[in-house]
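See structure below.
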Amino acid sequence: MKVSALIPTYNRRTHVFRAIDSALAQTVPVDEIIVVDDGSTDGTAESIRSRYGSRVAVFSQENRGVSAARKRAIEEARSEWVAFLDSDDEWLPDRNAAFLRAASEVPDRVALIFGDTQYLTDEGEGDTVFGENGLIIDRSPYIFNNPLSGLVWHYGRQACVLQSSFIKRSALVEFECFKEGLHHSEDFLATLQIASRYMFAAIPLVVTRLYRTSDLRESSLEINQRSGPDGDRARIIGYSLAARTAGAKPWGTFHAESVRTFCRWRAHNNLPIRRLALDQFTFGISAKSIIFLGGAMLGSGFFRAGSAVKRKLKSIFRDN
């Protein structure tokens, strides 16, 4: 089995070496390391070529966002399995060995294997993703025959993260993952797409360190864009697919909630919402969706006015 390490990057010249060095330091080497430089203006691509030479393949493109960079990396990869590494994070040395061992033991229908993730903050090691989600993996590999029902898929509370996964390239190609052009939450959508058709497996090891240090705050997509519209779009697309695959409960409810959240964002930005609000009823009708539609028919101004009233009331109660 061959493995491609895929690293999208944008203006991370001061951090990307940590990521690449961790990929090169694997006890069982990966077969290729591909970096897609998404239009950096700080000399990222040139610095990588100068430092690593032929050990790292660097592809440069105009700035089109993280989805386009991930998609380009998949297109350039030549291995059966791929593993994404964000340019400000790092892999633990035995990661590739552990995933290859698990991949040799799982059924063919397993298209994604994931491990645990350790957060690194200014104070040092923080929580792990498995720990904060209450996920206990008591054997390796642990098979999820139906990952849609076996794992938590609430946005922001996901045990299976792209940065700590080992994925069949063919599954990513099949779903045309990252084609939506999302600038954030594209990883959540891709894993949910694969879960709608394939089995997952997990190993009980920390395989990736995700840095959440203050020096990354200004450039972090996760910190700066989590509440933006791309998160809503990712959920709407992903939950719709899950509802069509696994049934309306609970996915139809998740879909409707995501539509309402997206409507609120658009209303606050003075964008039309009436047609979008009708998408709440794709997988069913609820009292909440009917009431919300009534407000949506009054236009975006109604929601902006309502938010202003809520803020005023909170201010009054706080002062008293």
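Each reported figure results from applying straightforward, stated rules to the coordinates on display, with no laboratory input. Worth saying up front: this structure is predicted, and the values here are computed from it rather than measured. For neighbour counting, all protein chains shown are included, and Cβ atoms are generated from backbone atoms with ideal geometry for every residue, glycine included.
Quick rundown of the values:
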| quantity | calculated |
| --- | --- |
| Nonlocal amide H pairs with F144, under 5 Å, H built at 1.01 Å | F200, A201, A202 |
| Helical segments meeting 27 Å axial Cα length and Kyte-Doolittle -1.0 threshold in the chain (DSSP H) | 248-268, 300-319 |
| Three-way shape call for segment 20-151 based on the alpha-carbon gyration tensor, with the a/c threshold at 1.5 | prolate |
| Within a Gaussian network of the chain (alpha carbon springs, distance under 10 Å), most fluctuating of K168, K71, K179 | K179 |
| Derived scalar couplings ³J(HN,Hα) [segment 2-14; Karplus, 6.51 cos²θ - 1.76 cosθ + 1.60; whole Hz; x for Gly, Pro] | 9, 10, 10, 8, 10, 10, x, 8, 8, 6, 10, 4, 7 |
| Proxy reagent accessibility, fewest Cβ within 10 Å first, across W91, W265 | W265, W91 |
| Fewest-first ranking of E62, E186, E90, using other Cβ atoms within 10 Å as the exposure measure | E62, E90, E186 |
| V206 long-range amide H proximity, modeled H, under 5 Å | D116 |
| Shape category assigned to segment 3-225 from the gyration tensor of Cα positions, a/c cut at 1.5 | rounded |
| For I113, I34, I7, I285, order by how many other beta-carbon atoms lie within 10 Å, fewest first | I285, I34, I7, I113 |
| Structure-based [θ]222 nm, the chain - -39500 (n - 2.57) summed over DSSP H runs of at least 4, per residue, nearest 500 | -13000 deg cm²/dmol |
| Whole-number percent relative contact order across the chain, with pairs defined as alpha carbons under 8 Å at least 6 apart | 16 |
| For S60, residues with placed amide H under 5 Å, excluding near neighbours | D37 |
| Among T208, T191, T14, residue whose mean-square fluctuation peaks in a GNM of the chain (springs only between Cα atoms under 10 Å) | T14 |
| Whether segment 24-78 is rounded, prolate or oblate, judged on the alpha carbon gyration tensor where a/c under 1.5 counts as rounded | oblate |
